[in-house]
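Quick notes on the structure that follows.
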Amino acid sequence: MKERKTGLQMTRRDWLRFMGVSGFAAGLAACAPPGAAPAEEAADAEVLVDRWTTGLVDPDISGTFRIISWEGEGEIDKFIPFIEGFFEERYPNMEVEIESGVPWGDYWTKLPTQIAGGDPPDLAWQHQSRGWVYPDKGWSHSMQQYVESHPPDGWPDDWEPKMIEMSTYKGELHSLPYGWVTWGLFVNREITDSIQEYPFPDDWTWQDLREIAKEATSGEGMDKIYGCRIPIFDKTLWAVSMTWGADLFDTERTRGNFDDPIVEEAAKYLWDLRWTDGSSPTPGDEQAMGLGGEFLFASGRIGMHMGISDIAARLDNAIGDKFPWGIAPIPTGPNGRFGYEGGAQWMIPAGSKFPELAYELTRYVLSNEDILPTLGIEGSLYPPRLSLAEYGLPKGWEEKIPNAKHALLTLGLEQPTYYQYFTKYQEWSALWSKWMDPIFVEGKDNIKEALVGLNNETNELLGAA
Amino acid sequence: MNTISTEAVQGRPAAGLGAGTSPMGTERSRLLGNLGSWGLLSLGGIIMLVPFLWMVLMSFKSLDEVYTFPPQILPNQFLFSNYAEVWDQVPVARFFSNSATVAISATLGVLLTSSLGGYSFARIDYPGRNTIFLLYLSTMMIPFAVIMIPLFVQMRMLGWINSLYALIVPGLFSAWGTFLMRQFMMGIPKELEEAAEIDGCGHFRIYSTIIMPLCKPVLATLAIFTFMGFWNDFLWPLIVISSRDLKTLPLGLAGFQQKVALNTPWHLVMALAVVSVLPILLIFIIGQKYYVRGIVTSGLKGAA
């Protein structure tokens with residue numbers, strides 16, 4: 001029986017006609033002058049709700065958009081109204097689920113498990129220490145194409161260049177910074193004013209710090225006042241070594257440089273603060289006092305506390321009227337000042353169900369000059385756009401803490417070299433602990449031997465041995 | 001049944017050891033020995049109790065008192081309002097109900113599966129029984145970190161991510177629980193089972209009416225351990241649960257602690273910690289009698 005032909009069936013001849021016409025049309029389109037593709041124009045005309053949407057996402061899209069962060073409620077609360085507002089106004093069918101307050105250590109277990117297990121969140125808080133790790137393992141979605149086709153406001157000139165550098169791996173942008181910080185010396189003026197006039201001079205050095213700390217140290221046991229509190233970890237050693245002219249690694253992070261005499265000198269300097277001068281509390285001292293970090297400074301027993309800028313507002317609350325305090329820049333030296341720290345970003349985990357939407361949200365929140373001042377003030381992180389950076393310092397600080405902006409922000413940005421984390425950094429941290437904890441935690445004095453040991457094993461790990 | 005000789009209880013010296021000593025001397029050395037033991041046990045008890053007491057006392061202090069240096073033991077004023085405040089700030093009831101749902105369901109499940117497994121391994125003869133038991137037991141040697149991702153994938157495939165099923169179901173089968181039940185059941189006289197068989201009972205009848213009533217102590221032990229394990233579990237719930245509404249108490253506690261960096265309200269965190277410990281304390285107090293007996297009997301009779 002002959003099969004009946006319906007209107008929807010296509011004969012071979014029809015097919016050839018269709019292909020011929022399509023090919024002709026495609027040829028004409030290819031000859032058209034460069035410019036916005038007609039399809040994209042159409043998409044823009046149909047889909048764009050406002051300047052914050054890219055046209056890449058269907059406004060009727062529905063589902064649950066998941067965000068994860070290590071930040072606790074107090075810190076993340078400032079983001080929530082903007083995130084929710086973004087979806088309510090533009091994608092009303094989307095639900096947003098924000099998981100916050102994941103403890104820092106567990107965050108880095110949970111997120112990779114979710115990614116490896118095929119159920120990642122759509123947007124995640126990223127930290128510079130993992131900035132190379134996630135792209136290297138293929139765990140983060142590149143933002144490069146999105147940034148090129150739909151750049152954030154002020155991109156790239158108004159964006160803190162080092163933060164952009166940190167977010168870039170092998171030429172591809174993998175995250176967008178939401179905030180950054182600098183180092184400073186928080187000074188208890190009740191202790192230091194009689195030794196060093198405030199504000200501290202810009203050109204003060206690590207040696208000056210040691211002398212002031214020695215002079216400011218007094219008392220014994222539970223009543224002891226410490227001239228300074230310099231936390232010792234790889235970044236501190238890096239900052240002092242760099243000031244004196246040596247990096248801990250080569251530029252590409254493929255070889256260690258811990259056997260450099262300058263690095264040894266810097267390590268000895270830090271060791272002396274704790275174990276020779278007794279002017280910086282040892283971990284044992286802090287344990288005995290039952291206080292550590294910022295709390296110790298806020299208790300009034302530390303002359304100069306080395307900390308990052310985002311603790312400033314919280315310190316202000318903790319200190320209250322207990323004593324007058326100020327901020328000094330990180331000491332300088334022959335090779336300059338290394339008071340720039342880095343920051344944190346938003347990234348799109350690999351496997352995100354809504355990567356375009358994640359980018360749109362990121363672009364909206366993190367480049368929007370109506371939003372960034374709020375994020376800065378409440379969290380004390382400098383917003384990523386340079387023109388808005390000063391919002392990272394609490395309001396009214398120019399009068400209250402003279403020199404704060406100059407010491408933290410201006411000088412911090414003067415030489416924005418940062419400690420470059422590398423893909424095997426987490427594994428390497430175990431080596432640091434193995435070789436340096438006996439020195440800086442327990443007070444053993446075989447510094448050179450330990451640095452050589454660390455260097456050898458570092459090179460082995462990095463494949464440079 | 002285990003009996004402890006009265007001689008041993010009264011501390012009668014072994015032959016030769018106390019030979020030639022007067023009854024007074026024996027009494028004195030026994031007293032000294034007891035004092036030494038009690039002293040050591042008290043010291044151990046105090047070491048165990050101090051952190052707990054510290055937590056309870058901190059839960060009644062103000063935040064300023066928490067940070068007072070040197071630390072003071074007792075609060076100036078017992079602030080019961082801390083408990084009300086934490087209740088206001090955190091959905092404690094929700095966390096509590098999630099934890100209870102997970103811990104109770106999983107405990108009941110583990111009791112059922114472990115007792116069935118233990119019965120099979122202890123009372124039924126079949127080829128390869130011991131090999132299967134050893135294989136099952138060997139799963140205890142695999143660290144959780146190793147199975148975390150495969151388990152997560154399984155849960156995703158079942159659509160159970162971010163649901164309480166993911167917290168309950170994977171824990172329903174416990175090699176350790178099966179081992180404990182098997183060891184206990186192996187000590188139950190075979191004659192009881194044979195008598196039941198003569199009366200026409202099948203395996204399930206023997207299991208439910210003969211063996212299970214005799215297993216109360218070990219069931220109590222297993223129940224307490226399992227409940228505690230699920231109640232305190234942190235890592236797995238952290239990985240599979242994202243919604244605040246589904247968080248268990250340990251997750252809620254961790255989140256609350258993170259709430260404000262540097263300004264952690266430790267007095268409130270401690271109040272929440274006290275609340276989270278209460279059910280375990282209650283269950284332990286209720287089941288203490290069985291708990292101790294279960295450990296002793298399963299441990300001693302296991303080799304029988």
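Once you have a ≥ b ≥ c as the square roots of the Cα gyration tensor eigenvalues for the range A:231-288, tell me rounded if a/c is under 1.5, and otherwise prolate or oblate according to whether a/b is larger than b/c. Mind showing how you got there, number by number?
Working: a/c = 3.10, a/b = 2.09, b/c = 1.48.
Prolate, because a/c is 1.5 or more and a/b exceeds b/c.
Once the principal axes of the Cα atoms of the range B:103-142 are found, what is the range along each, listed largest first in whole angstroms?
The principal-axis extents, from largest down, are 35, 26, 9 Å.
Counting only other chains, and only Cβ atoms inside 10 Å, what mean value do you get across the residues of B:241-248? Don't jump to the answer; show the numbers that get you there.
Details: counts 2, 12, 5, 6, 0, 0, 2, 0.
That works out to 3 on average.
If amide H atoms are built 1.01 Å from N in the plane of the peptide, which residues on other chains or at least 5 residues away come under 5 Å of the amide H of A:Gly179?
Answer set, sorted by chain and number: A:Ala344.
With r defined as the distance between the Cβ atoms of B:Ser29 and B:Phe284 and R0 fixed at 41 Å, what FRET efficiency is calculated, to the nearest 0.05? Write out the running numbers ahead of the final one.
On the way: r = 35 Å, r/R0 = 0.86.
It comes to 0.70.
How big is chain A along each principal axis, measuring the range of its Cα positions in Å and listing the largest first?
Taking the Cα atoms of chain A, the three principal extents are 107, 53, 40 Å.
What area, in nm² and to one decimal, does the C-alpha convex hull of the range B:119-183 cast on average over all directions?
On the way: hull surface 21.3 nm².
Its average projected convex-hull area is 5.3 nm².
Would you mind working out the magnitude of the charge dipole of the protein assembly as shown relative to its Cα centre, with +1 at each Lys and Arg C-beta and -1 at each Asp and Glu C-beta, to the nearest 20 Debye?
Details: 57 positive and 87 negative charges, 774 e Å.
The dipole magnitude comes to about 3720 debye.
Calculate for chain A the 222 nm mean residue ellipticity that helices alone would give, adding -39,500 (n - 2.57) per DSSP H run of length 4 or more and normalising by residue count, nearest 500 deg cm²/dmol.
-11500 deg cm²/dmol
Could you work out the equivalent-ellipsoid semi-axes for the range A:403-442, taking the square root of 5 times each eigenvalue of the Cα gyration tensor, largest first, in whole Å?
Working: eigenvalues 193, 51, 7 Å².
In descending order, the three semi-axes are 31, 16, 6 Å.
Given the -39500 (n - 2.57) contribution per DSSP H run of 4+ residues, what per-residue ellipticity at 222 nm results for chain B, rounded to the nearest 500 deg cm²/dmol?
Details: 14 runs with 203 residues, N = 304.
Result for chain B, helices only: -21500 deg cm²/dmol.
Along Cα→Cβ, 7 Å out, is where each label goes; now give me the distance between the ones at B:Asp64 and A:Glu88 in nm to one decimal.
So the two model labels end up 3.9 nm from each other.
Using Cα-Cα distances under 8 Å and only pairs 6 or more residues apart, what relative contact order does chain A have, in percent? Mind dumping the intermediate values first?
Working: 736 pairs, mean separation 104.1, N = 465.
Across chain A, relative contact order equals 22 percent.
Taking the Cα-to-Cβ direction at A:Asp208 and at B:Thr131 and moving 7 Å from each Cα, how far apart do the two end points lie in nm?
Between A:Asp208 and B:Thr131, the simple spin-label model gives 7.9 nm.
Exposure proxy check: B:Lys61, A:Lys322 ranked by fewest other beta carbons within 10 Å?
Numbers: B:Lys61 24, A:Lys322 12.
Listed from fewest to most nearby Cβ atoms, that is A:Lys322, B:Lys61.
Charges at C-beta only: +1 for Lys and Arg, -1 for Asp and Glu. How large is the resulting dipole of the range A:63-180 about its Cα centre, in Debye rounded to 20?
Numbers: 8 positive and 21 negative charges, 105 e Å.
That gives the range A:63-180 a dipole magnitude of about 500 debye.
How far apart, in nm, are two points set 7 Å out from the Cα along the Cα-to-Cβ line at A:Asn317 and at B:Arg293?
Label at A:Asn317, label at B:Arg293, 5.4 nm between them.
Once you wrap a convex hull around the alpha carbon atoms of chain B, what is its projected area averaged over all directions, in nm²?
Details: hull surface 95.3 nm².
Here the figure is 23.8 nm², rounded to one decimal.
For every other residue with a beta carbon closer than 14 angstrom to the beta carbon of A:Thr192, add +1 if it is Lys or Arg and -1 if Asp or Glu, then tell me the sum. Can you show the working numbers first?
On the way: positive: A:Arg189, A:Arg210, A:Lys214, A:Arg229, A:Arg301; negative: A:Glu190, A:Asp193, A:Glu197, A:Asp208, A:Glu211, A:Glu215.
Residues near A:Thr192 contribute -1 overall.
Hey, if you put +1 on the Cβ of every Lys and Arg and -1 on every Asp and Glu Cβ in the range B:121-218, which of B:Ala122, B:Phe144, B:Phe173 ends up farthest toward the positive end of that dipole?
About the Cα centre, the residue reaching furthest to the positive side is B:Phe144.
Go ahead and collect, in residue order, the members of the range A:229-250 whose backbone nitrogen is under 19 Å from a label point 7 Å along the Cα-Cβ direction of A:Asp437.
Those under the cut-off are A:231-237.
Give the average, rounded to an integer, of partner chain Cβ atoms located within 10 angstrom of each Cβ in A:95-101. Each step should come with its number before you reach the end.
Details: counts 0, 0, 4, 3, 9, 4, 10.
So the per-residue partner count for this stretch is 4.
Among A:Ser129, A:Tyr269, A:Ala407, whose Cα lies farthest out toward the positive end of the dipole of chain A, if unit charges sit on the beta carbon of Lys, Arg (+1) and Asp, Glu (-1)?
With unit charges placed on the Cβ atoms, the residue in question is A:Ser129.
How high is the FRET efficiency between A:Ser194 and B:Leu49 when r is their beta carbon distance and R₀ equals 41 Å, given to the nearest 0.05?
Values: r = 47 Å, r/R0 = 1.14.
That pair, A:Ser194 with B:Leu49, gives E of 0.30.
No value in this document is a laboratory result; all are computed from the given coordinates. Just so it is clear, the structure is predicted and the values come from calculations on it, not from any experiment. Note that we place each Cβ from the backbone using ideal geometry, even for glycine, and neighbour counts take in every protein chain shown.
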